[in-house]
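Before any comments, here is the structure.
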Amino acid sequence: MRRRTGLAMAGVAALAWGEWLNWRWSRTLVKTGGGGPEAVVVLGYRNPRATANLINRWRVRAGIRSVAADGTQETCLIFSGGPTGTGTTEAQLMADYAKSVLGYDGTVLLEDRSRTTWENITNVVPLLEGVDRIKIASQPAHALKARAYLRRQRPDLAERLVRADDYRPGEWIVVKPLLALYGLWTLRRLTAGERKGSP
């Protein structure tokens, strides 16, 4: 009985830890407030099939709800991701899902050459020049990594970063501890790369 109780408590602690860490990452390297034109950048994930995979579908939904969060009419949704195994780009697959399945009818731009997160940021920069607020939608650790890359590449644009609606309490709760572990590993590599001067 004690063992079961101990395991249950460890499980609850792991879920709470994963939830807290993802919440914290979603609020790191962003500012609050502001108005005017805005861009929501949705980062693609490896997609070898001819339709958007589970992770890309979730990222599209997070991107769309990030647009809806402020109700601004001056928002463009940017899908970023290069070629997949089928020849169609991640950006196109995500845009098709947004329009045909979710019925999104707002402004959509595609960045369809990127193969890494560093390239995602490099290639969307020209699309961000004219906006006052920038949101990056992905899993919180990945979005934080992308925001750190923007800060390294274009500190002036990084000053315009605001929070996307890509964290919600209880969403993905069972896998959040795993996402947190992966995020810690990724962000540790990012920090090590900064010391070496590489992406």
*Sort through 182, 167, 149 and tell me the only one that's open to solvent by 10 Å² or more (accessible area, probe 1.4 Å) and more than 23 Å from residue 20 (Cβ to Cβ).*
149
*Take region 163-181 and flag every residue that is out of contact with any Asp or Glu (no Cβ under 8 Å at 6 or more places or on another chain) and β-branched (Val, Ile, Thr).*
174, 175
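With respect to residue 87, is the statement that it is modelled with pLDDT under 95, at negative phi and more than 16 Å from the chain's Cα centre (by Cα) true?
On the way: modelled with pLDDT under 95: yes; at negative phi: no; more than 16 Å from the chain's Cα centre (by Cα): yes.
For residue 87, the condition - modelled with pLDDT under 95, at negative phi and more than 16 Å from the chain's Cα centre (by Cα) - is not met.
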*asked:* For the list (1) in contact with a Pro (Cβ under 6 Å, 6 or more places away or on another chain); (2) loosely packed, with under 15 Cβ neighbours inside 10 Å, I need the number of the one condition that residue 173 fails.
replied: (1)
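Only helices (runs of 4 or more DSSP H) wholly contained in region 116-199 count here; list those with 1 or more residues that are more than 16 Å from residue 78 (Cα to Cα) and of a type in the set (S, T, N, Q). It would help to see each step written out before you state the result.
On the way: elements: 117-128, 140-153, 155-158, 176-196.
The qualifying helices (runs of 4 or more DSSP H) are 140-153, 176-196.
Can you find even one residue in region 77-88 that is of a type outside the set (Lys, Arg), closer than 30 Å to residue 188 by Cβ, open to solvent by 50 Å² or more (accessible area, probe 1.4 Å) and in a loop (DSSP other than H, G, I, E, B)? Walk me through how you get there before you give the answer.
Our first condition is that a residue be of a type outside the set (Lys, Arg); within region 77-88, this holds for 77-88.
If we keep only those that are closer than 30 Å to residue 188 by Cβ too, we end up with 78-85.
Filter once more, so that each one left must be open to solvent by 50 Å² or more (accessible area, probe 1.4 Å): 83, 85.
Applying the additional criterion that residues be in a loop (DSSP other than H, G, I, E, B) yields 85.
Yes: region 77-88 contains one or more residues that are of a type outside the set (Lys, Arg), closer than 30 Å to residue 188 by Cβ, open to solvent by 50 Å² or more (accessible area, probe 1.4 Å) and in a loop (DSSP other than H, G, I, E, B).
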*Within region 100-113, can one find any residue that is of a type outside the set (Val, Ile, Thr), within 18 Å of residue 54 (Cβ to Cβ) and touching a residue at least 24 places away in the same chain (Cβ under 8 Å)?*
yes
_Filtered residue count, region 90-118, keeping only those that are crowded, with 16+ Cβ neighbours inside 10 Å and over 19 Å from residue 68 (Cα atoms)_ = 10
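Look at region 59-71 and say how many of its residues are buried (at least 18 other Cβ atoms within 10 Å of the Cβ) and free of Cβ contacts under 8 Å to residues at least 60 places away in the same chain. Can you show your working first?
Let us first name the residues in region 59-71 that are buried (at least 18 other Cβ atoms within 10 Å of the Cβ), namely 59-64, 66-67.
Those left that are additionally free of Cβ contacts under 8 Å to residues at least 60 places away in the same chain: 60-61, 64, 67.
Count: 4.
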_Need the failing condition index for residue 18 against (1) of a type outside the set (S, T, N, Q); (2) within 26 Å of residue 95 (Cβ to Cβ); (3) open to solvent by less than 40 Å² (accessible area, probe 1.4 Å), just the number._
(2)
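When only residues in region 40-58 that are more than 15 Å from residue 142 (Cα to Cα) and among the hydrophobic types (A, V, I, L, M, F, W, C) count, which is most open to solvent (accessible area, probe 1.4 Å)? Steps first, answer last, please.
Filtering region 40-58 down to residues more than 15 Å from residue 142 (Cα to Cα) leaves 47-54, 57.
Retained after the next criterion (residues that are among the hydrophobic types (A, V, I, L, M, F, W, C)): 50, 52, 54.
Values: 50: 71, 52: 9, 54: 101 Å².
My answer is 54.
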*From the set of residues in region 1-15 that are open to solvent by less than 70 Å² (accessible area, probe 1.4 Å) and free of Cβ contacts under 8 Å to residues at least 60 places away in the same chain, which is farthest from residue 141 (Cα to Cα)?*
5
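The values are calculated or read from the model by the stated rules, or taken from the named source; none is laboratory data. What you see is a predicted model, and the numbers here were worked out from it, not measured in a lab. Cβ sites come from the backbone with ideal geometry, for glycine too, and all protein chains shown count toward neighbours. When the accessible area is computed, the model is the full protein with side chains, heavy atoms only, and any ligands, DNA or RNA have been set aside. Shrake-Rupley method; radii C 1.70, N 1.55, O 1.52, S 1.80 Å.
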